[in-house]
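The values are calculated or read from the model by the stated rules, or taken from the named source; none is laboratory data. All figures in this text were calculated on a predicted structure; none of them were measured in a lab. Cβ atoms come from the backbone with ideal geometry, glycine included; neighbour counts cover every protein chain shown. We work out accessible area using only protein heavy atoms, side chains counted, and drop any ligands, DNA or RNA first. Shrake-Rupley method; radii C 1.70, N 1.55, O 1.52, S 1.80 Å.
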Amino acid sequence: MDISTIFYYLFGIVSVSYILHLGFYLTGASLYDIWQLQRTRRINDGYGASYVPLVTVLVPAHNEEAVIVRCLNSILNNTYKRVKIIVVDDASTDNTYKVLRDFKREHPNIALRIIRKRVNGGKGAGLNYALRRYVDGELVMTLDADSILSSNSIDRAVSYFVDPKIMGVAANVQIMNQHTTLSILQKFEHMIGYRSKKVYTLTNCEFVVGGVASTYRMSALRDVQFYDTDTLTEDIGLSTKIVAQGNRDHRVVYGVDVMAMTEPVDSFRGLLRQRYRWKYGSLQNLFKYNRLIGSIDRRFTVMLTQYRMPVAVVSEVVLFLLPIMWLYAIYLTITQHSILLVMGAYVTVTAYVFVTLWQDEHIRFKERIYLTIYAPIAYFIFYIMDLIQVIAILKCSLKIRRLARHENIGSTWTSPRRIGKHMEIAAGGRVK
């Protein structure tokens, strides 16, 4: 078998797999929507109304003077009132601490504790410090300082924990509108990526929960001894560690109605740094919990061990092949004197973007129309993200030995440049 034949079959397998996954996500997401509709009706009929636990909202902050007040106001504006707020100022060098003190002085009646750390120990260490010493609520929500909550997000997050098997809830995180190419790219990426979480929830194989508005049972956090600080993505590490106890009885789910918004990264260089950190942290956790891949332990669902975890590994490997596949697609287009290959891929991806956009529950009609204008070129701007992902995985491959040995490469953190744009979210989760 010559090299061109190998490329042909490899390209075909990856392409067919991609199309099958799109169909799987479309079907699964629609079934999730039906489940969510039934669940909402039960809640409206009073299901779980007596469950009103104390929720502690933890906000880690490092140099967040431009956005911290906006974040805190979104917490105060929530409909759920049994809330305690803890802000961990992790050695900020700007006016974050002063802004926090002024905010507390202006709101003397709110349950707000400000913890000031003198040494930058990293987000995970800062959260652990607060969790071990100051948190006394049954549920804990973590919220990045550059993010804001919908006015009913905490209420809706609490409703999932009526089910005793649910240990964590991932929020529906969307990108604030900045109307730049990079922000639109990130908005489409989040919209499509979070849609797949509907499928993972329905099939009980979710293990990735980000740090924006994620909510956990405090008992589950104590069981796993809180965040690990030996990876760059302490949030993914925490959710994976909980799932690693056995995801049949320690479920992590996606709450589409737990709405939050976060700032986009506003520069290509900043996006590269962010995605390298995410990629490296994700690989650290895949190495760390590799025992889940293919496991036949009955504590885990088959979808987690035989599908979700293996696919997570394969998707990283495929990134190495992307440049080759790009070149091969161009080669086939030229040698076959046909653009059908490119057109087929374009139509498939664009159709999926349109479906995702118009089925999203939390976008205003005006914003939906605006994004629809960009949808036809989404296929091409996705190549920007593909390029960033390829660069990130190549950089990670240079440190493969350190990854395999679980070496800690440092836990201090720096916040990217904040835009600080005012943003509000209405009660129904829609942006105003």
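Please find, within the range 362-375, the residue that is farthest from Val258 (Cα to Cα) out of those that are at pLDDT below 90 and of a type outside the set (A, V, I, L, M). Going through the qualifying residues, I end up with Tyr374. The criterion of at least 2 residues that are within 17 Å of Val212 (Cα to Cα) is met by the following strands (runs of 3 or more DSSP E) wholly inside the range 67-164: 83-90, 139-142, 147-149. Evaluation of Lys123 against the conditions (1) at pLDDT below 95; (2) more than 29 Å from Asp249 (Cβ to Cβ); (3) surrounded by 20 or more Cβ atoms within 10 Å (Cβ to Cβ) shows that the sole unmet condition is (2). Scanning the range 350-405 for residues that are over 22 Å from Ala312 (Cα atoms) and assigned to a loop (DSSP other than H, G, I, E, B) returns Asp360, Glu361, His362, Ile363, Arg364. All conditions but one from (1) touching a residue at least 60 places away in the same chain (Cβ under 8 Å); (2) over 22 Å from Thr350 (Cα atoms); (3) open to solvent by less than 80 Å² (accessible area, probe 1.4 Å); (4) hydrophobic (A, V, I, L, M, F, W, C) apply to Phe24; the one that does not is (2).
I need the full set of residues from the range 79-106 which are touching a Ser or Thr at 6+ places or on another chain (Cβ under 9 Å), modelled with pLDDT under 95 and open to solvent by less than 10 Å² (accessible area, probe 1.4 Å), in order please. Hits for the range 79-106 are Asp89, Asp90.
Quick check on my filter: what residues within the range 217-230 are out of contact with any strand residue (DSSP E or B) (no Cβ under 9 Å at 6 or more places or on another chain) and touching a residue at least 60 places away in the same chain (Cβ under 8 Å)? Answer for the range 217-230, where residues must be out of contact with any strand residue (DSSP E or B) (no Cβ under 9 Å at 6 or more places or on another chain) and touching a residue at least 60 places away in the same chain (Cβ under 8 Å): Phe226, Tyr227, Asp228, Thr229, Asp230. Is it the case that Thr93 is touching a residue at least 40 places away in the same chain (Cβ under 8 Å), hydroxyl-bearing (Ser, Thr, Tyr) and out of contact with any Phe, Trp or Tyr (no Cβ under 8 Å at 6 or more places or on another chain)? No: the conditions fail for Thr93. Inside the range 245-284, residues that are of a type in the set (S, T, N, Q) and under 15 Å from the mean Cα position of the chain (by Cα) make up a count of 3. Can you spot a residue in the range 198-209 that is of a type in the set (Lys, Arg) and surrounded by 22 or more Cβ atoms within 10 Å (Cβ to Cβ)? The answer is yes, given that some residue of the range 198-209 is of a type in the set (Lys, Arg) and surrounded by 22 or more Cβ atoms within 10 Å (Cβ to Cβ). Any residue in the range 315-329 that is on the phi > 0 side of the Ramachandran plot and either open to solvent by 90 Å² or more (accessible area, probe 1.4 Å) or touching an Asp or Glu at 6+ places or on another chain (Cβ under 9 Å) (or both)? Checking the range 315-329: not a single residue is on the phi > 0 side of the Ramachandran plot and either open to solvent by 90 Å² or more (accessible area, probe 1.4 Å) or touching an Asp or Glu at 6+ places or on another chain (Cβ under 9 Å) (or both).
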